[in-house]
Every structure is written in C-alpha cells, then in structure tokens.
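The values are calculated or read from the model by the stated rules, or taken from the named source; none is laboratory data. As the structure is a prediction and not an experimental result, all values here were calculated from the model. Here Cβ is always computed from backbone atoms with ideal geometry, including for glycine, and neighbour counts include all displayed protein chains.
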Amino acid sequence: MNRVAMRLAWRQARGGRRHLAAVFACVALGVGALVAVGTLGAGLAATLAREAKALLGGDVELRAARPLPAEADAAVAELAAARVVRVRELVGMARGGARGDSLLVELKAPGPGYPLYGRLATAPAAPLASLLADDGAVVQRELLDRLGLAVGDRLVVGAVTLTIRGVVEAEPDRTASLVTLGPRVFVSPEALDHSGLITLGSRVRYRVLVGLPPEAGAGEIRASLARAVTDPGVRIAAYDEAQPGLRRFFTQLTSYLGLVGLASLLVGGIGVAASVSAFVARQVPTIAALKALGAETRTLIVTYVIQTQVVALGAGLVGAALGVAIQPLLGAALAGLVPFALELHPEPWMLARAIVMGLGVTLLCTWAPLASVRAVPAWLILRMDVEPAVWRPRARWTLVPVALGLAALALWQAGSLKTGAIFVGATAAALLGLLGLARGLALVARRLPRRRGLAWRHGLTALQRPGGHAPRVVVALGMAVMLLVAIALLQGVLGRQIDHEQHRQAPSFFFLDVQPDQREPFARLVERTAGIPPVLTPVVRGRLVAIDGERLTRAVVDRRKARGEEGAWYFTREYVLTWTDAPPAGNVLTHGRWWTAAEAAAGPRASVEEAAARHLGVDVGSRMTFDVQGVAVETEVTSIRRVDWQSLTTNFFVILSAGALDGAPATWVATARVPPSAEAALQNAVVAAFPNVTAVPVRDVLERVGAVLSDIAVAVRLVALFTLGTGLVVMIGALAATRSQRLYESVVLRTLGATRSVVARAFAVEYGLLGAAAGAGGGLLATVLAWVVARWVLEAPWTFDAAPVVVGVGATVALALAVGFLTTFRLLGQKPLPVLRRD
Amino acid sequence: MALVMIRVRDLVMRLASGGRTVTILDGVSLDVAAGEVVAVMGPSGSGKSTLLGLIAGLDTPSAGSITVGGIEVTGLGETALARFRRRTLGFVFQSYHLIPTLTAVENVAVPLELAGASRPLAAARSRLAEVGLAERADHYPAQLSGGEQQRVAIARAVALAPPLLLADEPTGNLDSATGAQIVDLLLGLNRERGSTLVLVTHDVTLASRAGRAIALRDGRVVNGQAA
C-alpha cells in the first residue's frame, strides 16, 4: 500500500505546486531561524572552549584586589615547571594632546612572559617589552581618536609621561566583561610604579597567570592552590571554568534567541496548515473520485503525509543551509560583544534537531487538514454541489493533540520547563488574541456602513471571504509585528533607562580617590570651573573577614555562598564603606531601624543593602567584621536598606555609624552634575590639577552600555526577521488560495462596468485593512509582551514610546499593500470572457 | 434466471435538505442478473443516480438492503467498502471525474495501483489502446475532448476487469454522435467480458439498446419488465 501511496504522492504533488511551495518556504524559514540560533550558540561555546586559556590568560589564574598574600606567592612558587606572569590592572586617567584632553582608560602593566596564551597583536609588530621600555605605552586606537593623538605623541598617566609606541589591535585576555570603561593602555610595571596611582585605596586588580606543562591538570592545580590559599579574597580559576559570567550571558542570549526562532517556526506552522488545507480543499473532487475507485482513506492520508513530509525535509535542509549561511551577519552584529573570531560550528545533532522540529511542526499542522480527507464522502462524486458544511466534521477536538504536540516541541526547544511553559502560554495568548482580533474585524466589517462607494464596500466584504484567509494573515503577520515591535519597545525601555538625560539627579561624574589633602582645593576647582560645588563623601575600603564571629576562609565562603559564583562575590569583594548619621536620601529601610546617637557612640553599627544581606545571610542583629587596613572593625547590623541603583547616585552596600572608622585612611568620592557642554572642560581641569584622581564620566559609560544593548538588539532583530519572512509567505499563500475567487470577482465587476482602478481600490481596501489589523494587533500584543519582559525579566522601569508601535502599524499596512499587489496585480489584466466561459 | 449480480430490497434513501427531509428512494426492490445490461430511466430527481451510488457503496441508505455479487454492501465498513469497489465494480460518471493532475494513462493506472497490480502503467496503456486512445495516453484531461475524457474514464472503470460496470449518464455531457460511440464502446466491452452493465440515462435511444429498462419515478420503480 505504501508503494501506491508513494507513487500517488509524487503525482498528486503536481496539482499542488503552489501550496507545497508555500509549505516549503514556511518550513525553510522556520528551520533557518532555529539553525541560525543553534549554530550561533554552538559557535560561541566552541569559541569559548578554544579560547578559554587565552581568555583567562593562563591555565590557572589567581586574582585579588590587594597584593597577593605571602601564602599565595609561596604556593605559586612551589608549582613545578610552571610559567608565571604577574599582571596589574586598574582604571585611571590619561591626558595628552595639544588641548590637554583627558580620558578614562583601563591601564594594564604585564610582567615579562605576557601573554602566556593567545597572541597580542600590536602595530608595529614588536615584542611588547621593547615597546614598553623607557616609559613606552601601547594603546587602543580609540584613545588616539578621542584625544587626537598619534603614535610618537606623549601621554600623561598620573605622574609619568609616556611615549605612545604602538597600537594594540588584539588582546587575548581583555576582560571578558561586556562593557569596558575606556580604551586599553599598556604600560611597563616600572612606569606604573612611578605613576603614583598605586596608593592606599586605589582599585588595582592583581593577577597571577600560571602556565602549566601539558601533562599537569589545571583543575587539580586549581584545587591544590585553593587549599593552600585560605584567603577567600584571592579568586582562583582554572581555564575550563573561566568566564562564568560570559558563558551565562551567551547561554541566555542563545536561549532567548532560540525562542524567537521557535516563534518563526510556529508562524510557519500556520502557513503549513493553511496551505495544506487549501490544497486538500482543492483536492476534494479528486479525493472523492479516488475513494469511489476504491482507494482506502488510510492510503490517501499516507499519500498526503508523505508529500508534505518530503517537502518539509527538503525545506529543512535548505533552511539549515540558510541558517548556517547567515552566521557571518549574526557574527558581525555581535562582533562588539565577542572579543575573538567567532567559530562557525554547525553541530550535526543541532542541525538534525532543527530539521526534526520542522518535520514535527509540519506533521502536527497538517493534522487537521488531513483529518478532513477522512471526512470526504465517496458519494460526493455524485453530488458535487453539496455544501462542505454538510459532511465536514466539527474539527474542534482534533486540535487538542496538535496543541499538545506543538507545546512538547516548544518545551524541547526551550530546554527548560519553566521557560518553555512561559513561551507556550505567551504564544497561546498571542494566537488567541490575534484570532479574536481577526474575528472582530470580520464582525466590524459586516456592521460598517457600506455607503462609501463600490471599492470600499467590496474590500470590506472581501475580509469575510470564505476560506478564512483574513484570520490567517492577521495571526501570522501579527506575530511577526509583535516580535519586532516588542524588540524596539524594549530597546527603548533600556535605552531610556541608561539615557543620561532621563536621570535628572544623576551626576555627570564620579571622581574617585580624592586624597585628604586634595579635598579643599578639589572642591574649589570644581566650583570655579563648573559653577557648583561637588558632593564629597568619605570612603574607606575594607574587606569582610568575619560574620557573627566566624572567620571567612575559602572553605567557609564555599559553604555559605548560596547562589554560585555571583553569591561568592559578596563575600570576597572589597567593600567601599562610608559613615553617616542619617539614612541617605532615596534609601528605604526594609527591616530594623537607623541607629540613635547613643547607639553609635556605644559601638560601630551597620546598615546593609538588602541584596547583599540576602547573599551574605545577615539580618538585623548579625555582626559583620571588616578588615580596614589591618584593623578589624566589628559592627552590629541594625537595619537592612533598599537602594535604588537606577538612580546612579553614590550608594553603598554597607554604611557604618559615624566614629566607626575614626582614624582609618579615608579618601573622598565626589559627584558633580554639570551641563553636557561643560563636562569635557571640568574633566580636563580636574585631571590636570589632580593626576591621581579618576574621573568616571557617567554619560560616556552609559553610552558604552547602550552600544552593547544595540548590538544585542540587532542580533535579536535578525532572528525575528525570519518570523516576518514567514508571515509574508503566509500572506502570499492566503492570497494565492483565494486567487480564483478574486479573479472571478474582478472579472464580474468589470463585466458590470467597473474600471480596473475600482477593482484595484477594492483590493487595496482589503489588503490595507488586513495590514492595519495585523499591525494594530501585533503592536498591542508587543506592548503587553514588552511590559511583561521589562517588569519581570529585565526588572527595568516601564516607559512607553508610541513611535515603534506607530511605525510598526504603518510598515505593516505598506507591506501588506505591496505584497498584496505583487501577488494579484496580474489578475487585473485578465480578459473577462475567457474567465466567465471557463466557469 | 441466471446468477443474480445485484439484489436490491426495500431501499429507502432520505436526505436532509434545507431543513426538511426529502425522500429520494422510497422502497425500491430489483434484481439484476449477471451478464445483463440494464438501463435505469426516469426524469430528473427520480433517484436514478442515488440508486447507482448506493449500489456502488458510495453512501449508506436510510433503510433496505443491497447485495452485489453475494456481498451485503450495506453491512460493510469504510475500508471494506473501498476494497469491495476495487474488486467488484467499475464506475463511469456523467462528468468523467478524471483527476486533473494525472495524465490519461496515470488516471487509468490508479485502480491498478490501488489493487497492487504489477506494471500498472503498461496495463493502463493497453486499456487505453482498447478504447482507441493509445495516442493520447500522455495527455492531461484538460487537453482531451469530452468524448476522449469519457473513454479514459471507461478505460479506468474496466481496468481491473470488474464483473459489474455502473455508468451514470455516461453520454449526458456529449453530443449525440460521440455519445453513440461511447455506448458502442460500453456495450462492446460488456459483450467481450460477459460483465454486468447498469447505466442510468434519460436517453431513450440508449435505453433501447439495453436488454431491459427500469423506470423510476418519485423514488419508486414503475416498471421492471424486460424491454
């Protein structure tokens, strides 16, 4: 029987080329989106694995915010046959050029032997040590551009004047955090020592990079170092577990992108269902004839399943090729985020999975149309004029297994029950919403006044054309519009969140490391240059060494940290401590109360930010001990605070009572808000007068974050475009399916005296209304989706900008008109008589 | 009487139409012997085509029984009916019902393939030759004249040499000269194979060439004698 079905399938396909082409396009685009994302994810993972040693800088890295303790140096010295490179990194100010402009830079002073892995590319290509000798510097090109300098020019960093000897083009272990604060400047260890930037309280990252002989296991060495170095402030990592943050970011990015890809496959499923049901509807006489000739229903259904599955398989292969082919585009979009050449790494398993998803969605979406093959009665051949409603079954329950199957596929793609369930719920809600809208549109079309002329009347009634093309187009296009507009809305939400102009209270600058003796002259300089005095806050750096009397060794931190490496950070970081008499404005006490003057006099009290308290497991009454320059300061927690970090003002995890830090070596943090036009002048004046002070330009940093966000948005949009492509295929398919009706109508209208332009206008009304409905529905859903994502996923304050929605609706109308006319304009030129005679 | 090919007893068919029930066949009983040629006549709406369709098992009657070649048709399920049609009968329609996407020879091959015949296309070609269409075998239905299409349909109906051939107004869409040729063809095949032929027609000339005519009116048999 299957041989018969195969042969029938092959021959029957001739009658459905157009429908099968639509199936092909829908599946190809859907699979293409999945493969594009899957290949990107695999490529990122493979590249991270390949570059792991280069990214870490060695097989094992020790890093701390203070010079490494003696126990660490001793443990490293004991490693046999290990190559060791010491690197110091910090953020500071560089100044240069004729105008004396200044710039926040990321300084790096590597010792001899750097880099252990990967290649440091410089222009001119020369050993780094020779370029850095005698106060040389190698800088990123961005610095030259922004300060108007060239190789050979002078650059002042702190107390040293450097000569720029070259440009760094690639740096293997450039910190794989997504956002950098400024361009890189390489200097020699001696130059850094002379700069005067390394003083009490300066934020230096001390790194020891260890290169091991090939036979040594990095994991074991890491473990033995971790046992030997009890100080939890020394972070020890092996290359294969390096960059957990970057890994997590890429995993999340590809997981979200995967959902966008899945959405396009589901929209493709609508196209598949629509095309196959149009195909089957056209085949009803043939099906009845075949049944009358003795064909069994099973043979017929197998025939159509073979047909659609073969098409879906071919489409899957083409889609997979397409998904791999657009990798360079995705790679280019993410170039700013990935500090290395992205590997093209299509995994056979992933490709197979995407193709199987395409086959599965096709099978499920052809379920209902093929069920109607069963229902076609053989007697239909004797009474072809009988309305399908008489014999066609009510198909409501057949959709239940389809929905369940699609949900299962979605869970498989999402890889997590929770994400998958949210996706399935959201998709179902969106589908129902759009379907309801389409139904509503048909209802409204029926009620609208019909007096506006023939074209308007005809276009309106066309929306209720039998075959239900309107809901299909509205749902498919609406889904695509929803995704694209939601991306734009979310980009807007995040963009406004980091737009400096939106933060009226946010300072223009944070000035760090203002020394006690610089405090007065600094304040005078800022007031003279900017017209307003700076806000100065005293800070002391300290490390948390004990909680409730328990010393925080590495073992204790490993036991206490609840939330992985992110949680460990709260235990091991350098705390910037300050003291005040009253809670800072904008902070809200969530637990406990502020200390009284008497309590403060009785001993050090502390107020802890709520997230830090949660991670550290401290509450009101807990005792936290800080090591401040070798002196232990034991404090009692009296309150937990909520801090609005979005406010971008000076905020602290831990605030102590006045007097707690008496005698400790304080520096000052200053903030100042000046008009944008005055920013450069203020920064340059401060850096010129106080070379050790670091000026962090808030606007500039926010713009760097914004650049990263827009890179991500481009990548997401690229994947979402697959959905739009699929939506358009669905629309083309729907218009093609109604082609003969449309042709007949246009011919009848013209026979009755209508001009071509009247017919064209009637079509325009129909296409325009379809586009408007899809655009409006998609825009509305996009707003809901963006709000939900902003509120629950990004935890960003919701702000709404109507522009993306308006643009979305307008573009959808334009697109619907364009596609509609490209698909049907030939109908307008048909001569009426042959068409009428044929009927 | 020779072996009975078709036995119809008290056949009733009612259809719902526009909210009321129409009785199309109202207690029809008849017998057709193997090898007989029977014309079913009657005005439009007298139930001729419905009777033929029910004999072919294309629909289920409201009441009554139909036995074809000893098989109780009304008792068969969907799959068994398909098999029954394949093995027992060929059907020729007024409007041919060729499958538009298949060539003439492929149309004729369909029942052969469904029955699992070996080399179905070659067999289909020789059937087409028998109806004089060897030259047109690779044309699509749309490229054939009405008479040619009906000949393809006949070749398809007799492809498996069924013992019973049912023809529903086989000449209804054709001019009289072509219609006569088609009738010659049907009767010729019937003679050669010794099969049974039941044809529905309101063409008196055609009916006169049958061995017997059965007249239907308002769903009842009004005469059943030999012509």
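All of A:V76, A:V37, A:V84 fail the test of being in contact with a helix residue (DSSP H, G or I) (Cβ under 9 Å, 6 or more places away or on another chain) and crowded, with 23+ Cβ neighbours inside 10 Å, apart from A:V37.
Across segment A:230-275, the qualifying residues are those that are modelled with pLDDT under 85 and more than 30 Å from A:G316 (Cα to Cα), and the one among them that is surrounded by the most Cβ atoms within 10 Å (Cβ to Cβ) is A:A242.
Beta carbons closer than 7 Å, at least 6 apart along the sequence or on distinct chains, pair a first residue in segment B:161-174 that is on the phi > 0 side of the Ramachandran plot with a second that is assigned to a loop (DSSP other than H, G, I, E, B) and surrounded by 20 or more Cβ atoms within 10 Å (Cβ to Cβ) for B:E169/B:T201. Here A:T799, A:T723 are screened, and the one residue that is out of contact with any strand residue (DSSP E or B) (no Cβ under 6 Å at 6 or more places or on another chain), closer than 21 Å to A:T427 by Cα and polar (S, T, N, Q) is A:T723. For segment A:1-57, a tally of residues being among the aliphatic types (A, V, I, L, M) and within 14 Å of another protein chain (Cβ to nearest Cβ) returns 8. Residues in segment B:107-120 that are facing chain A (nearest Cβ under 8 Å) and in a loop (DSSP other than H, G, I, E, B): 2 in all. When you check B:V221 against the structure, is it on the phi < 0 side of the Ramachandran plot, surrounded by 18 or more Cβ atoms within 10 Å (Cβ to Cβ) and not small (G, A, S), yes or no? So B:V221 passes the test. Quick check, is B:F84 surrounded by 20 or more Cβ atoms within 10 Å (Cβ to Cβ), within 11 Å of chain A (Cβ to nearest Cβ) and in contact with a helix residue (DSSP H, G or I) (Cβ under 9 Å, 6 or more places away or on another chain)? No; evaluated as a whole, the condition is false for this residue.
Restricting A:A368, A:A375 to residues that are among the small types (G, A, S) and either away from chain B (no Cβ under 14 Å) or farther than 29 Å from A:A408 by Cβ (or both) narrows the list to A:A368.
Filtered by the rule that a residue be within 9 Å of chain A (Cβ to nearest Cβ) and closer than 13 Å to B:P141 by Cβ, segment B:88-106 gives B:F93, B:S95, B:H97, B:L98, B:I99, B:P100, B:T101, B:L102, B:T103, B:E106.
Here B:A115 passes the criteria (1) more than 24 Å from B:A210 (Cβ to Cβ); (2) crowded, with 17+ Cβ neighbours inside 10 Å except the one numbered (2).
Listed here are the residues, each with its yes/no results for (1) touching a residue at least 40 places away in the same chain (Cβ under 8 Å); (2) part of a loop (DSSP other than H, G, I, E, B).
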position	(1), (2)
A:V4	yes, no
A:R7	no, no
A:A13	yes, no
A:A42	yes, no
A:G58	yes, yes
A:L62	yes, no
A:E71	yes, no
A:R86	yes, no
A:L103	yes, no
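All of B:L3, B:L30 fail the test of being out of contact with any Cys (no Cβ under 7 Å at 6 or more places or on another chain), under 22 Å from B:I71 (Cα atoms) and exposed (fewer than 14 other Cβ atoms within 10 Å of the Cβ), apart from B:L3. Of all residues being among the basic types (K, R) and surrounded by fewer than 19 Cβ atoms within 10 Å (Cβ to Cβ) in segment B:148-198, which is modelled with the lowest pLDDT? Just the residue, please. This residue is B:R193.
Only a single item in (1) more than 7 Å from chain A (Cβ to nearest Cβ); (2) surrounded by fewer than 21 Cβ atoms within 10 Å (Cβ to Cβ) is not met by B:I66, and it is number (2). Restricting A:A352, A:A289 to those that are out of contact with any strand residue (DSSP E or B) (no Cβ under 7 Å at 6 or more places or on another chain) and more than 14 Å from chain B (Cβ to nearest Cβ) reduces the list to A:A352. For segment A:602-649, a residue qualifies if it is assigned to a helix (DSSP H, G or I) and either within 18 Å of A:G663 (Cβ to Cβ) or over 39 Å from the mean Cα position of the chain (by Cα) (or both), and exactly one does: A:A602.
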